[in-house]
Structures are given as structure tokens and as C-alpha cells.
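One structure is given here, and the rest of the page talks about it.
The values are calculated or read from the model by the stated rules, or taken from the named source; none is laboratory data. What you are looking at is a predicted structure, and each value in this text was computed from that prediction instead of being measured. No Cβ is skipped: glycine too gets one built from the backbone with ideal geometry, and neighbour counts run over all protein chains shown. The area values use the complete protein model at the heavy-atom level, side chains included, leaving out ligands, DNA and RNA. Shrake-Rupley method; radii C 1.70, N 1.55, O 1.52, S 1.80 Å.
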Amino acid sequence: MNSELTVIKQKITTIFTEVLDELKWPKIGVEIVAASDPKFGDYTTNWSLQQSKNDSLSNYHSPQEIAKKLVEKLTEKIEEDGDHILEKAEIAGPGFVNFFVKNNVLVEEVVKIKNKEKDYFKNRTGNGKKARIEFVSANPTGPLHFGNARGGPIGDVLANVLAASGYEVLREYYHNDVGGQIEKLGQSLLNLLNGGKLEDQEYKGEYMLDLVKEIKPMSFWKNSTAYLVGSSAAQTILKWIMRDLLDLGIIFTHPPYNEHEMVVKYTPKVIKVLGKYLKFKDDALWFAPDDKFLKDRECVVVKSDKSYTYFANDIAYHDLKFKDNPDLVIDVLGANHSGHVPRLQAAVSALGYDVNKFKVILYQWVRFKKGEEILKMSKRAGTFITVEEVLKEVGKDATRFFLLMHDPNTPIDFDLDLAKKKSSDNPVFYVQYAHARISSILEKSKSQSLDFARDKRVKESKLTNQLYAKDYTLNLFERNLALKLIHLPEIIEEISKTFAVQRLATYSIEVADLFHKFYENCRVIDEPDERVAKFRLELVNATGNTLKSTLKLLGIEAPVKM
């Protein structure tokens, strides 16, 4: 469904385009965005600055002159149409055009948000399209640690946003269960089974002792290779990882793909397909496409011992991803994989697929703080911090929120003490408390017979016209909150294109902050003016719907009590 709540932005865009038509100016680069500060209006555009050097605008000497002409035309339209959605348009700074929406329009949108409930934020950006997202895909030689775990909430929330934007989404995990690391894992376990000391092994973490307990008795393994033992252990570790991801609120839509399956079923076929892009050198087979992604760089796909490299199997996996002709294929990878990205782009292109459909999100690593101390991670030293440990200490909601607050390109110092705080200093507590406070207000309103809006017999249009006449004036706190609520559909649509999932966490904090300020400065239950009280209850209700929807997309609970 198309969200009706983007109607304000759509209408402003239409009005602006009509003005360009009347002026016979080019209708290119039109972008209307929410203003960053209420003093700059409700929406704004920098079109004048972007087009100031366009030949068709050569009669105007500066962006400000262009903006002045636009505002003149916009003002004419506003004055001609008494029911116009805009109150006014103004010039700002070097040539911005700022738009101010009428109060009654915002009031009507608040009612829509309240009545739309669960689905008001959805849109059709991806209607009929398919997306595949691979995320986490952790190292199979130990429990899930936060070097990999940050990609979990990022991929999961992006999948939620794409689904809300109409995409059919496949969430997938890749288990790279072959290679030297598997043999080293198996050898460490065989040594332990034969009485070796943990500190003498390649893998020294205490989880190795748990693996020893879980695998079959030594009598079963006495004639087995280290590789076979390691493969069995990797399957056990995969179960641990899936359990931790489930506790983190992540469920994949397909059983994990595994590298062993690629080796057996797919990689040999893909190597044949890539024939013209391969060359034999130093007893190995190299991928050497000489394209814009790899240029003069070459990558081994078949080693001198005739075994496939990780890259060769990853090519096969990406060939499998593109087989069903999805519209988006997204990899969520740690920043240490940045060098792998051009190789994959070159492989996707060489296989004949549209590389523009292939997107990679790289995220930086996470450090943990406890007080002033930075806790270190080292998988092989056995001192890494696991997802299981953090979930037990701070819970799913705080873990997800703290990982989602930041741009993936930014390293995180995860403050374990802050994540456990029950105060407004803790951002996830601050947001959840806003929802709990809303739930309390709505519950109290029922007992005082103020819950008028639950009467399904009252239609939206009648409700709006009867209760809020066109002269209803929102105060600053009401207006700022109402304006913020109508931005959610726009943010969802934006994230479906930019993949900037941190915008949702930021948005939830902004909504919570504006709601707390509204509640501290505006009466609701005990407001003597019935019309004002009823509107404010609608605004509280709409805010509750918005926060609940936002938190659901983030995979975080919206509590009714705290």
C-alpha cells in the first residue's frame, strides 16, 4: 500500500513542479526534504542553489534571485487557493526555499496516523521486487562474537524496512565450513581429546572444552582426520550461533547455505562459466578479468593443490544468489572485508549479472567499555566477548539499539554500564519509557471517559471537521511533535534506498524527546478545554502508534509498563 501520510511532501513537490512549469524552468533535481530545524520551516529545498548555473536561468545572477522568483509564484498560488496546504513559503540563507504547512493540515495527518495504526508507514517503493540480504555469516571456529554480531541487527532491520517498502525479502546466512581453519579447529580438538592442554592449542578459548564435551567419545574419532573432527565441531558451533541470533531477535528465511555445498555442487560449474576470465599461472588458476573493479589485480580461484579458494566458492554462492533474478542482492560485511568487495563486483559482472543490483554494507568493529576500561577481543586468545555474554548482561533490546544507533562506518564503544541504566541517559530506556508513558495516559483516559476516538462509528473526516475547526492553532510543542510523526513514512522510504538503518534509531529518540517535552508542557487528561484535550489525546495516540511501529522495525519491544 502507498502510505497516505507522505501526501504533504508529495503535494509540496507537485506545487513546486507546477511553479517551475509556469516559469518554463527545468523540472530536474527537485528534492523536497524535511527541514532540520523548525525555524527553517517544515520542508525545504535547495533547488535554487543546485540550478543556479543552468543556462535556462542565465537571466538570474544568484541563487537568491531564483529563490525570490519561486517564492513570489508560490505565494500567488497560496493566496489564490484558500484551502492550500501551505501557510507560506520563504527564502532563507543563500537561496533555500522553506515551506510552512498549515496547522489544520498537520492536525488531519495526526488523525490519520492514529487511525492507520500498524501499517500507516508502509510504501510501495519495492512493490513486486525481490531482495536477498546476507548478514552475520560468522567465523565457524568459535561462538558468535561482536566482531560479527553488529551486522546482525543492521541486516535484520534493513530487511524489515525493505519488507515495509513492498519488497519480498530473503534473509540468509553463509556458513563457510571448509578450509584450513576447519582443520586447525579439528586438530586442536583431537589434541585436547588426547589429553593436551588448552593453552597449547591453536584455538585456546574455553568454548573448546565445551566442544570436547559435545562431540562423540574419542573411540569414535581415533581413526578420523582433523578435518572431519573440525567439520563436526563447526556444525555444533553453527547451532550455538543460530541460538544466539535467535536470542538477538534474528530469524533467517532459509536454512544456512554452506561452503561445502558450493564446493560439491556449484563451484566447478561456475569455474567453467568464468573460463575466458581465467588464466593459469604458478601452478594455480587465477581470476583476471582486467575490468574497472579489479583493473590489473588478479585473484587465485584454484590453488596449486587443486582445491578451491574461499573466493572461488564465494563466486559460486553469489551466482546462486543472482539465479532467481532478484532486484537487490545485499551483503552486510565487516570492514575487514573491504578488499573482498571489488573482487565480488568483478565476479558478479563477469557472470553477466547487473552489478548495479549488488550492494555491500561494510560495518566497523565494536569495542566494549565497562567503566573506563576498554575490554579487548581476541578469538584465538580466548578472551573475545560473545553475544551470549552481552545478551545476559544487558538484554536483547539494549544490545540491538546500541548497535543500531551509529552509522555502520563508525566504530562503536559499547558502554555496558550505560546499556543497563534505567534512566534517560540510556537512549533505549528513554524511547521505551516514552511508549510506556503513552500507554499509561491512554489507559487513564479510558477510566475518565476521554477515549472518544475508539468509537468506530465516527468517521475520520467527520471527526476532524467537528473537533478541530480550521482555526485550531497548534502550540509549539504540539506542532513539533505532529510534524515529526508525519516523517516516518518518508524515513522508511529513504532507508529503503540508502540502507542507512541508523536513521530509525535516531528518529525514535527524536520522537521520544519531542513527546516528553510535549507532555511536560501540555495538559492532556486534566486539560479543561475539551477540544484541546481531545486533540492532545489523538496526538498521544498517534505518537504511540509511531513509536510502536518504529521499535518493531528496529526489532525492539514497545513496553506498556516500565
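Quick notes
- With N the number of residues in the range 96-248, Rg(Cα) / (2.2 N^0.38 Å) evaluates to 1.65.
- Between Thr410 and Asn54, the simple label model (points 7 Å from Cα in the Cβ direction) yields a spacing of 3.4 nm.
- Here the contact order of the chain, divided by its residue count and restricted to Cα pairs under 8 Å and six or more residues apart, works out to 17 percent.
- Extension gain, Lys68 to Asp83, is 3.1 nm, computed as 0.36 nm per intervening residue step minus the present C-alpha separation.
- The spacing between the range 508-562 and the range 237-263, judged by their C-alpha centroids, is 38 Å.
- Listed pairs Lys11/Lys88; Lys88/Lys497; Lys357/Lys396; Lys130/Lys321; Lys130/Lys269 exceeding 21 Å between Cα atoms: Lys88/Lys497; Lys357/Lys396; Lys130/Lys269
- Under 5 Å, built H, 5+ apart or other chain: amide partners of Lys88: Phe100
- 5 angstrom amide H check on Val360, placed H, neighbours 5+ away: Asp331
- Whole-percent carbon and sulfur share, accessible surface of the chain, 1.4 Å: 48 percent
- Taking every DSSP bridge with both residues inside the chain, close to 50 percent are antiparallel.
- At q = 0.18, 0.19, 0.24, 0.29 Å⁻¹ the log10 of I(q)/I(0) for the range 515-562 amounts to -0.63, -0.68, -0.90, -1.06, computed by Debye summation with a single uniform scatterer per C-alpha, solvent ignored.
- Between Lys24 and Lys444, the contour length at 0.36 nm per residue exceeds the alpha carbon distance by 145.5 nm.
- Per-residue SASA entry for Arg297, accessible area with 1.4 Å probe, Å² rounded to 10: 120 Å²
- Helix 476-485 axis, angle to the chain major axis (alpha carbon atoms, nearest 10°): 40 degrees
- Folded to 0 to 90 degrees: helix 488-498 orientation relative to the chain principal axis, Cα: 40 degrees
- Here the range 173-201 is scanned for amide nitrogen atoms under 19 Å from the site 7 Å beyond the Cα of Thr236 along Cα-to-Cβ, giving 176-179, 181-201.
- Taking amide H as placed 1.01 Å from N in the peptide plane, the amide H of His175 sits under 5 Å from that of Tyr257, Asn258, Glu259, each at least 5 places away or on another chain.
- Estimated FRET transfer efficiency (Lys281, Asp305; beta-carbon r; R0 25 Å; 0.05): 0.95
- Accessible area per residue, Å², the range 135-285 with all protein chains present, probe 1.4 Å: 44 Å²
- Pairs of Cα atoms farther than 32 Å apart, the chain, %: 57 percent
- Paramagnetic label zone (point 7 Å from Cα along Cα-to-C-beta, Gln364; backbone N under 17 Å) in the range 485-512: 500-503
- The ratio of the alpha-carbon radius of gyration of the range 1-149 to the globular-protein estimate 2.2 N^0.38 Å is 1.42.
- Taking Cα atoms only, the orientation of helix 103-116 departs from the longest principal axis of the chain by about 40 degrees.
- With K and R counted +1 and D and E -1, the other residues having a Cβ less than 15 Å from that of His406 yield a net charge of +2.
- Virtual spin-label span in nm between Ala335 and Glu206, 7 Å along Cα→Cβ: 3.1 nm
- Two-site label geometry, Tyr430 and Thr75: point separation in nm, points 7 Å out along Cα→Cβ: 4.0 nm
- Using C-alpha pairs below 8 Å separated by at least 6 residues, the relative contact order for the range 218-302 is 13 percent.
- J(HN,Hα) series, the range 12-26, from Karplus relation 6.51 cos²θ - 1.76 cosθ + 1.60, nearest Hz, glycine and proline x: 5, 4, 5, 4, 5, 5, 4, 5, 4, 4, 4, 7, 6, 9, x
- As a length-normalised measure over Cα pairs under 8 Å and 6 or more apart, the relative contact order of the range 302-436 settles at 20 percent.
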